[in-house]
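Here is the structure we will look at.
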Amino acid sequence: MSEAETLAAVVNFARRDARDKLRGRTRYMVDQVRPGMLHGFVLRATMPSARIVNIDTSVARRMPGVRAIVTAEDAPGRFGIGIADQPLFASDVVRYHGEPIAAVAADTLLQAREAAAAIDVRLEAMPAVLTLAEALSNHAHLVHRDWKRYEVLLEAEGGRRGGNIAWEATVARGDAAAAFARSDVEVIESSFRVGRQSHMQLEPRGAIASYEDGRLHLVASTQAPWTVKNVTARALGLPPSRVRVTVPPVGGGFGVKYGCSIEPYAAALARAAGRSVALINSRQEELQTCPCRENADIHIRSAVTPAGDIVGREATVLMDCGAYGGEQIYLTTMTAHTLGSAYRLGAVKMTSRAVYTNTAPNGAFRACNGVYNVFALERHTDEICSAIGMDPLEFRQRNVLGDGDIGSTGQVFEGNVLGPMLDRMEAMSRSQPSKRAEVGERLYGKATTVGTWFVFVGPSAATVNLNPDGSATLVTAGVEIGQGTMMQSLPQIVAAKLGIRPEDVVVNAADTDAAGFDVGVGGGRTTVSLGAAASVACDEVRRKLLEVASKMLQTSPKHLVLKNGHVEIVGRAGGGISVARIAEHAQAVSGPISGSGSFTRAGVPAMMGCAAGHFLDSVDIPVFAVHECEIAIDPDTGHVEVLGYRVVQDVGRALNSSAIHGQIQGGVTQGLGYALHEEVTINPEGQIAESGFGSYRVPLAQDVVPVEIALHEGAPSMGPFGTKGAGEVPILNVGGTIACAVANATGKRVQELPLTPPRVLSLMLDRTEELDLRHAPF
């Protein structure tokens, strides 16, 4: 790409959807329920583990307004991401409190609820495992007794599973045992635990299903329309070509809509009733069946020389996937990168396990797997520094990965990125007066952390149609969930490639009948993958456009340039022919101009033999972050106040710095909720205890801290114009940074998140017991 194109792409283009969203005019999926549609309701289990003795729907079927009731008999197939272990409805056993048993469609939601309550379900309680320790104990109750018979959907050589271990991925590079046996090292061992985090996006999950021309049409609030299409087809035994998914504006996701969840139930009801069915979660249903960020136990130890070299590291990470494997099976791969790719390491041995429990299934959440591994890694790093007597910033500057260094699985990293970012953070910090003087009688703490994320690029497709008025229409399966990609970066990329204004680029709403395959919006991949596919499509449009213009101007295409909505002859600025006129001429002479593009890229592969059970063998695009905070702690209450927060973020090339700043501010705020407030509680009955915004504490307006931001540009990236994903990463370091600052302020060993006032007070009063992670051996 030329420098002129790059400069044209860099602009703070405002969101075109902002005005409608601010004025309440945007029509989300939940706004598209029409009169005459049936309303769906899902009947859920009230025990965490039970044998189903009987299900009798006869009374419910005769109730007023009831049009259809579906159970496991109507959808016997299993689905999943790595392993097909999940049925649509429980059939013989119940594996978690809240598992669907039946679904009802009726004229009104009240009638559907009343009919569901009339379904006679008899359950016989069985033993349940609600924690990771219980699930991995000797003679533990097996959540899936028939796990050996499940179909493995994704191949990952060397992966292991068995009993309550849904999947195990490992890393082994070098001789870790020898490193820990050296006489000149100190061994530092740490244990950490985190709870679940609920997404609490404003628009709940939901879908409207109908049959049109013999095909299923789902209007879904999803981040991954092709996943919804394929999983729904599998669950209902349909060919994928018989399923169409369209996506209106999505009212937030953060990963909760990355998989397929509620859509197949709406589809099964629509098929049974022969009418359109709307199925939308209430807030309570949304929270108590939320595929949360998983709870996890992290056990880590390092062998470190007196000079500060990390010659060996071992770690075991246990991820609670709940009753079904889902995303967590896939995410076991990521531990190698989020826990093992920030620092130079000698020998490495890591194990990452997704573990079944009799709890609601977990799922993807912004910077999934990364936020708690960075918390553990950075707290462990500070414990190393304390043990060997080295300044934490000096230790990090000495050990962070640089150009040519290898990560835990042997991938070679390009460019010095984290080192200069740490230097920049140090300069930012020194330029500001310390806030220590503001704390009075309170305790003061400060911490600086590093974090590594990686963008899995994955396949994407795009089509660009040049319209006779000189505008362009971009067709993809991408979804706007608030991140701005579809509204800002993609129009900017297309506009820069075609020499038109971003305002003149129309981005179609996702429709699987119109757009090619895309993995979905998540992980920071959208600008990179869809942007690259759109860029390729623009190359074809550009070539065709210049060929037509060449004949009209009687000049070779190599002497033409696209600029300001015109095709100009090089060196004759201000002249030429408008793109609109050329497009109109082409339409009449040779046909409309369009182009298609696709993109996928396998990045830097792992060293042979290092990784086993990994679904991704390569790091596509590493993304780095450095965070710093200053805090004050009330010694009487344990309340933590964040006094200041700074971020240096690796963005590759910032196409829209204003939008990136917004993502960082939002990501840090969401991370503060994870660090300080948000806690999902599993009660003794295996049910998520929180039921809404009143009982689940998300950050409020008064919790927002202005973030001082510096964007680090220039790091290598395969993204268009050198971009990297910018929306996923801002939450990555927050939990770790706050935890390190609390440890710094109190002098206590911080092992758990969130750091609620009772937990911090317990730390200060020495009433916190050391974590026992014997169920997570090295």
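If you wrap the range 585-627 in the convex hull of its Cα atoms and look at it from every side, the mean projected area works out to 7.4 nm². Peptide packing: for 578-584, 596-602, the average count of neighbouring Cβ atoms within 10 Å per residue gives the ranking 578-584, 596-602, highest mean first.
How large, in percent, is the carbon and sulfur part of the accessible surface of the chain at a probe radius of 1.4 Å?
Values: 14420 of 28620 Å².
Its accessible area is 50 percent carbon and sulfur atoms.
Remark: the range 453-463, residue by residue, has Karplus-estimated 3J(HN,Hα) of 10, 9, 8, 7, 5, x, x, 9, 9, 8, 10 Hz, where x stands for each Gly or Pro and the curve is 6.51 cos²θ - 1.76 cosθ + 1.60 at θ = phi - 60°.
Taken one residue at a time, the phi angles of the range 610-616 give Karplus couplings (6.51, -1.76, 1.60, θ = phi - 60°) of 7, 10, 10, x, 8, 7, 10 Hz. Gly and Pro are set to x. P(r) for the range 372-488, from all Cα pairs and a bin width of 5 Å, is 2, 7, 11, 14, 14, 12, 10, 9, 8, 6, 4, 2, 1, 0 %, short bins first. Residues with beta-carbon under 11 Å from that of PHE413, excluding PHE413: net charge, scoring Lys, Arg +1 and Asp, Glu -1? Charge balance near PHE413 sits at -2.
Taking the inverse of the mean 1/r over every pair of distinct Cα atoms in the range 590-665 gives a Kirkwood hydrodynamic radius of 18.0 Å.
For TYR211 and GLU151, compute 0.36 nm times the residue count separating them, minus their Cα-Cα distance, and round to one decimal in nm.
18.7 nm
Just the number please: accessible area per residue for the range 80-218, 1.4 Å probe, all protein chains included, in Å².
43 Å²
Rg and Dmax over the alpha-carbon atoms of the range 524-666 stand at 24.8, 82 Å. In the context of the full set of protein chains, residues of the range 1-77 present 59 Å² of accessible surface per residue (probe radius 1.4 Å, heavy atoms only).
Per residue, the accessible area of the range 687-733 comes to 38 Å², computed with a 1.4 Å probe over protein heavy atoms only.
In what sequence, highest mean first, do 668-676, 455-463 appear when ranked by Cβ atoms within 10 angstrom? Spell out each step's value before the answer.
Working: 668-676: 25.7, 455-463: 23.3.
Final packing ranking: 668-676, 455-463.
Taking θ as phi - 60° and the Karplus parameters 6.51, -1.76 and 1.60, the scalar couplings of the range 505-520 work out to 10, 9, 10, 5, 5, 5, 8, 5, 6, 9, 10, x, 4, 8, 5, x Hz in sequence order, x denoting glycine and proline.
Amide H contacts under 5 Å for TRP167: ALA354, restricted to partners 5 or more places along the chain or on a different chain, H placed in the peptide plane at 1.01 Å from N.
Among bridges DSSP assigns within the range 611-746, what percent are antiparallel (round to 5)?
Looking only at bridges with both residues in the range 611-746, the antiparallel portion is about 60 percent.
Helices in the chain, meaning DSSP H runs of at least 4 residues, each add -39500 (n - 2.57). Divided by all residues, the mean residue ellipticity at 222 nm is -7500 deg cm²/dmol. Its alpha carbons considered, the chain gives a radius of gyration followed by a Dmax of 27.0, 84 Å.
Scanning residues 5 or more positions from HIS712 or on other chains, those with amide H under 5 Å from its amide H are GLN649, ASP650, VAL651, with H placed 1.01 Å from N in the peptide plane. Ratio of Rg to Rh for the range 668-738: 1.13 [Cα atoms; Kirkwood radius as inverse mean 1/r over pairs]. The amide H of TYR343, built 1.01 Å from its N in the peptide plane, has LEU401 as neighbours under 5 Å, considering only residues 5 or more places off or on other chains. Summary of packing: across the peptides 767-778, 153-164, 656-667, the per-residue average of other C-beta atoms within 10 Å ranks them, highest first, as 656-667, 153-164, 767-778. For the chain, the share of DSSP beta bridges that are antiparallel, to the nearest 5, is 80%.
In a DSSP loop and with at most 12 other Cβ atoms within 10 Å, the trypsin sites (Lys or Arg not before Pro) in the range 1-107 are ARG23, ARG25, ARG27, ARG62.
The values are calculated or read from the model by the stated rules, or taken from the named source; none is laboratory data. These numbers were taken from a predicted model, which means no experiment stands behind them. We place every Cβ from the backbone using ideal geometry, glycine too, and count neighbours over all the protein chains shown. Side chains are part of the model used for accessible areas, which takes the heavy atoms of the whole protein and leaves out ligands, DNA and RNA. Shrake-Rupley method; radii C 1.70, N 1.55, O 1.52, S 1.80 Å.
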